[in-house]
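Data block below; observations after.
The values are calculated or read from the model by the stated rules, or taken from the named source; none is laboratory data. Quantities reported herein were computed from a predicted structural model and do not represent experimental measurements. We place every Cβ from the backbone using ideal geometry, glycine too, and count neighbours over all the protein chains shown. Accessible surface areas use protein heavy atoms only, side chains included; no ligands, DNA or RNA. Shrake-Rupley method; radii C 1.70, N 1.55, O 1.52, S 1.80 Å.
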Amino acid sequence: MTGETSDKRSGGGRGESSDARGLVTRSLGAHGAIGLLAGAMLYLVCLSGMLVVVHHEWQRWEQPDIAEMEALSPAAMQRAMGEMLAAERAEGLSPTTHLYLATPAEDMPRGIVTTDHGGAYIGEDGSLQGPEATPWTQFLIDMHYYLHLPSVWGMTLVGALGAMMVALALTGVLAHPRIFRDAFRMRVRGQARVALTDIHNRLSVWTLPLATAVSLTGAIIGLSIVTSFTVAGTWFGGDQTQVYTPIFGGEAAPDPAPAPLPDVAAALEDAAARMPDVVPGLVIAHDPGTAGQHVQVMGAHERRLIFGEYYNYDAAGNYEGRAGLADGALGQQAASSVYRLHFGNFGGLPIKLVYVLLGLAMTVISGSGVSIWLAKRRQKGLPAERMQGAWSALVWGAPALIAAAAGLRLIGGATLPLTALFWAAQILLVGIGIWRPAIIGRGLRGLLALLLLLVGSGHALAHPGASQAALILDGLIILSGLLCALSLRRAGAGKALVSTGKPAGSPA
């Protein structure tokens, strides 16, 4: 009787109690897995964002043998447009709706012509110098913008992650009243979890203003897709172009009747005379070769955060006005400023370096935040070894696979399916981490060090005459590999991001 009474008081029979405990355990596991997935996506966005800050330099690194120049004449730009469209007609490709002529710039001293079907580099005389083929750089950009998902869904998800980062930053400050008082307190010795927590909190404080700005602008860019769909569906019958027209300007009504190519040379010459302080960065020919064609010259304004101003021209190169991004409504100017503020492409190389360091800090913050959570679970007696193994497979596996993708690009050319290879390998590594959590972290850190050393030194040896920017990147890649290799010599270094809560240097 006593045993039966005791069972009833505890919530029923032993079978029912066991089932309830099993449900709780499974629910906690599912809850943790969802949190781990969100942390993984956030980590990948931060990691790729750090690299995308210098995407122009990576493009030059990826194709180091392309001739570079300071400027192209309007006549050369005109010739490049004609040659590109003629080559596409000869291949039987459909007429392009937009043609872009990028002028040489400080961080990308190459002229590039791009259509709906691809791009090519421009020689100083306007002749085409070979295809633009930077699939590895595009792989990084697509990871940061879309996490390699379809564009609308991916950008919306990344925008939501940006909003999450803003919320995490604010709640993190509110949850730690002493966080500013202890801004320079760093306990790097003793328990690994305590050291990791201090690193996480200190980096969070030091980067708070800029990291919040970057996260907020990322959320604005990503979630603008959802906003535009909603506004277009509510007021414009689903036509998204009408949502953006008041901000960025609209396009003329299309007229497919054949016509001579637009005079972009005349437009560039007029822009140089009319706006001598504005640097033309991009020429856009809308529906080239048709009666409905028109031209836009996008000019960069010094000491402004706007990405540029659109100056409109007809097919003959006659000026028709501007969009108003530089001097229009405050909303227009704000909307055209979020891009440069988010990506740090203002202020030249010093600002880019600041953003790279910021991206590195945000990557460490996102990675260490999940690791601290996993360590706390372990301290509470909740099994987390498999989660730790999966997380370690991502933290060290993702950068190792990005380096491996760069090596494959250099060896195998521009046609390899880098995205598919990356995700197949990443899923495999996560599976190994779940299966054998004790071996994954240190092994992947060693692999990352080896790949960085091989890629950096291999590229430098294969292209000794590359640009200074490419050689600097080679040096940074090699330095990163050396630092990663040296960190392996420290006791317990293999658990730096997948902390077990034991004192640093204690056995695993």
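Helical runs (DSSP H, four residues minimum) scored at -39500 (n - 2.57) apiece and divided by the length of the chain put the mean residue ellipticity at 222 nm at -20000 deg cm²/dmol. With the cut-off at under 19 Å, measuring from each backbone N in segment 89-111 to a point 7 Å along the Cα-to-Cβ line of D65 picks out 110-111.
Axis of helix 14-52 versus longest Cα principal axis of the chain: the two differ by about 30°, to the nearest ten degrees. Per-peptide packing, taken as the mean over residues of other Cβ atoms within 10 Å, places 385-398, 265-278 in the sequence 385-398, 265-278 from highest down. Taking label points 7 Å from Cα along the Cα-to-Cβ direction, A175 and S73 give a separation of 6.3 nm. Quick one: pull the percentage of alpha-carbon pairs in the chain with a separation above 29 Å. Summing the P(r) tail past 29 Å for the chain gives 59 percent. Ligands, DNA and RNA left out, the 1.4 Å accessible surface of the chain is 65% carbon and sulfur atoms.
Relative to the longest principal axis of the Cα atoms of the chain, helix 468-487 runs at roughly 0 degrees. Each part reduced to its alpha carbon centroid, segment 230-286 and segment 359-379 end up 45 Å apart. Between 0 and 90 degrees, the angle of helix 74-90 with respect to the longest Cα principal axis of the chain falls at about 80 degrees. In a simple Cβ point-charge model (Lys, Arg +1; Asp, Glu -1; nothing else charged), segment 299-378 has a dipole of about 820 debye relative to its Cα centre.
Net length available on complete extension from A291 to L461 is 56.1 nm, with 0.36 nm assigned per residue and the Cα-Cα distance removed.
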